[in-house]
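The structure appears below as structure tokens.
The values are calculated or read from the model by the stated rules, or taken from the named source; none is laboratory data. Values in this document were obtained by computation on a predicted structure and should not be read as measured data. Ideal geometry is used to build each Cβ from the backbone, glycine not excepted, and the neighbour counts take in all protein chains shown. Keep in mind that these areas ignore ligands, DNA and RNA; they rest on the heavy atoms of the full protein, side chains included. Shrake-Rupley method; radii C 1.70, N 1.55, O 1.52, S 1.80 Å.
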Amino acid sequence: MLGRASGAVVRRLGRGGGTALPGLVAATIAPRLMERLASTPGHGVATVTGTNGKTTTTHLLAAIVRAAGIEPLTNPSGSNLERGVIAAYTEQVDAMGRLPDAASQVGLFEVDEAVLPWLFPRLRPRVAVFLNLFRDQLDRYGEVDSVADGWGAMLRRAAHAHTLVLNADDPAIALLAESAHGPVVTFGVDDDAVALTHADHASDARFCVCGARFVYDAIYMGHVGRWRCTFCGRARVAPTVSARHVELRTDGATIEMTIAGAPVTVVSPLAGLYSVYNVLAAAAAAHALGIDASTIASALAAAGPAFGRQERFTIGERSARLLLAKNPAGLNEVIRALTAGDAPLMVLAMLNDGVQDGQDVSWIYDADVEALAGRGVTLVCSGDRADDLALRCALAGVVPVSVIDDTERALDAALARTPSGARLDIIATYTAMIDVRAALARRAGVGAYWEARA
Amino acid sequence: MNSDPRNPSTPALPHEGGGGRSIRVVSLYDDVMNVYADRGNLIALRARAAEYGIEVEVTSVSVGDPLPAEADLVLIGGGQDREQRRIAQELAGRGPVLRAWAEDDVAMLAICGGFQLFGRFYRDSSGEELPGAGVFDVTTVAPGPGWPRCIGDVLAASLVPGAGELVGFENHAGRTYLGAGAQPFAIVEHGFGNNGEDGTEGARYREAIGTYLHGSLLPKNPALLDHLIGAALRHREGDDSAPLVPLPAVFAERAHAAAVQVARRRSRRVQAAPGSAYATP
Ligand SMILES: [Zn+2]
């Protein structure tokens, strides 16, 4: 199979792991391949989309279905365009162009929010998960409203039976229920203790479809919270999967939740309220796939981080944690997770401006970097746009100790400033994460991710 | 003699011997027109003014709020079409006050969607015409489906004395054309500018500036930031206002230089000199 052979070739090329290119070859050779293969996994297909958390949620959902005895067929490492999904199939097909283990499989695909309307009728997912909708790479996706409108139109046209899994707390997502043909499973947070005392700046869906401004009884992040419209009466519904009590730590979270009424507690190694939402989304998707609550809870507690998403590395006497942040809402949540404790922070922040990062770096001004001020942060800035990032941080009152464009030199400088026994937190945009992860893996003696998966 | 820095609405004392200087800033619709990180302009303004020892009193004016009696500097950012529709009618109603302020040399910075609505009208992609505040003699038309947005890094030579070379990022569907009463803010070297045709970027009327550049604009263009602070001080203090002695801006200059390189590398170079082609087509 040509698509498969090219995977081995391009993976040797390094950056990005080449996880999308075999699919590109297959898409060119057999454009209908995916449509033919989409219906073959015996347990159907689930899609995961949204601005933030696609990779982690898909990763967690894969851990749950594995625990339930189902083999996940996934597109790895954030390779979430059409090509990445096709690659997931072409990696598995036999010489006859069939999936040999189809009967025991479920397709779990993270799908780029702009690509979903094209892929949805072709993949015909049995479960479609919608995480959140934040402003992200306006130079690439256009404006937030048009993404939400595209999803609504897509759902109203849908011709196959499916269950929607929706974030009850994000009004732009929750209101997709109005376009649903079938069952809807929702997830959300019901714990005022993790609510913000003031609104983040990076909030998007502040206005209802009727035109009125939403009222919030609690805001958890951005425009995500317990919302209602006093004008037309639209309001958040009580979620099917609900976090009743959340304890956030710099190194993880304890989540007491109910899954369709069944209480379970998950101790997750993933830090930050944004990770809690990914845990809830994976639980809700697994519930929609018919998996029981106790299997869900034990699998979530055992699941480690996904590629580049809070992965940890040990380098001599020090540790490093890699945190992906590629838009204002994501960066706000990473900062919030870092500042959950009182300990001084050693931070390497990296800003690239490639197509996958967003060529427009303006977004750093929408993030509340000011939250790091006065928190004892020692900061090194790096990446293609290290100077832009250094300026943003300096304006926020967090003056970097060092600005070094080069990844390897910046990492070494940041590690040298990290006290023995302490942790370096690395915040990076997508391609910066790929670069620094390779540099970290070399120093820690960890294999590249696609080797680790094999 | 200084007012309480934790309470920016405390009235400042009149300036005397360089101490106690202050400017009054009106931030228009910053909770609605905030899609392209234009809040960075206010962040940079506050930080730079603090370096000069100038107090900044900010009044946020949103939907339904009255304008204050006076202002030295008006800021407005960009928004999505839906957000522009939300504020256009009300903003147009504020036109007479804003135009009088512009005649009185109040400094203004209107970015992207805010620039469009500071013009005469904005016709969106559905053909609906939104009225503008009329500060600038410009008109904007969103050409509709099939026409690409103007997206990318911009390098432009400012026509504001001392503001120098400008860097920014543009992302707009609307094409803006200057009328006879408008001067361009800058001449595009790399990027699209107002319409991708005539080489102009933004508009300028007295101390009011309209532009498509975000990025955010003021953090990375410290000479323009200093110009706006100086203009606001002149409005506040009158003709005897002592000029600013520019302070170094180390991080800003480095970010500016990096953005210049990026724009030269990534954005198309504008070949034709813009000459006299400023008129509405
Ligand atoms: Zn409503």
Quiz item: For region A:213-230, what are the residues that are away from chain B (no Cβ under 14 Å), open to solvent by less than 30 Å² (accessible area, probe 1.4 Å) and within 15 Å of the ligand (Cβ to nearest atom)?
Solution: A:Trp227, A:Cys229
Quiz item: Name the pairs whose Cβ atoms lie under 9 Å apart, with the first residue in region A:229-240 and assigned by TED's automatic domain parsing to the domain that holds A:Val209, the second open to solvent by 70 Å² or more (accessible area, probe 1.4 Å) and within 7 Å of the ligand (Cβ to nearest atom), and 6 or more positions between them or separate chains?
Solution: A:Cys229/A:Val209; A:Cys232/A:Val209; A:Arg234/A:Val209
Quiz item: Within region A:187-204, can one find any residue that is exposed (fewer than 14 other Cβ atoms within 10 Å of the Cβ) and assigned to a strand (DSSP E or B)?
Solution: no
Quiz item: Any idea how many residues of region B:160-181 are outside any strand (DSSP E or B) and over 15 Å from the mean Cα position of the chain (by Cα)?
Solution: 8
Practice problem: Can you tell me which residue within region A:231-248, out of those that are open to solvent by 70 Å² or more (accessible area, probe 1.4 Å) and not in a loop (DSSP other than H, G, I, E, B), is farthest from the ligand (Cβ to nearest atom)? | Solution: A:Glu247
Quiz prompt | All strands (runs of 3 or more DSSP E) inside region B:114-159 with 2 or more residues being closer than 27 Å to B:Arg268 by Cβ and hydroxyl-bearing (Ser, Thr, Tyr) | solution = B:138-141
Exercise. Read through the list (1) within 16 Å of the ligand (Cβ to nearest atom); (2) crowded, with 19+ Cβ neighbours inside 10 Å, then give the number of the only condition that A:Ile255 fails.
Key: (1)
Quiz item: Among the helices (runs of 4 or more DSSP H) confined wholly to region A:271-367, which include 3 or more residues that are within 14 Å of chain B (Cβ to nearest Cβ) and surrounded by 19 or more Cβ atoms within 10 Å (Cβ to Cβ)?
Solution: A:328-338
Self-check item: Flag if A:Leu415 is more than 8 Å from chain B (Cβ to nearest Cβ) and not in a loop (DSSP other than H, G, I, E, B)
Solution: yes
Quiz item: Residue check: is A:Cys208 within 16 Å of the ligand (Cβ to nearest atom) and at pLDDT 95 or above?
Solution: no
Practice problem: Those residues that are open to solvent by 20 Å² or more (accessible area, probe 1.4 Å) and either closer than 15 Å to A:Arg234 by Cβ or in contact with a helix residue (DSSP H, G or I) (Cβ under 8 Å, 6 or more places away or on another chain) (or both), I need them from region A:161-171; list them, please. | Solution: A:Thr163
Exercise. Working carefully through the options A:Arg375, A:Arg442, find the one that is modelled with pLDDT under 95, more than 14 Å from chain B (Cβ to nearest Cβ) and not in a helix (DSSP H, G or I).
Key: A:Arg375
Quiz item: Quick one: would you say B:Gly114 is without any contact (Cβ under 8 Å) to a residue 24 or more places away in the chain and more than 14 Å from chain A (Cβ to nearest Cβ)?
Solution: no
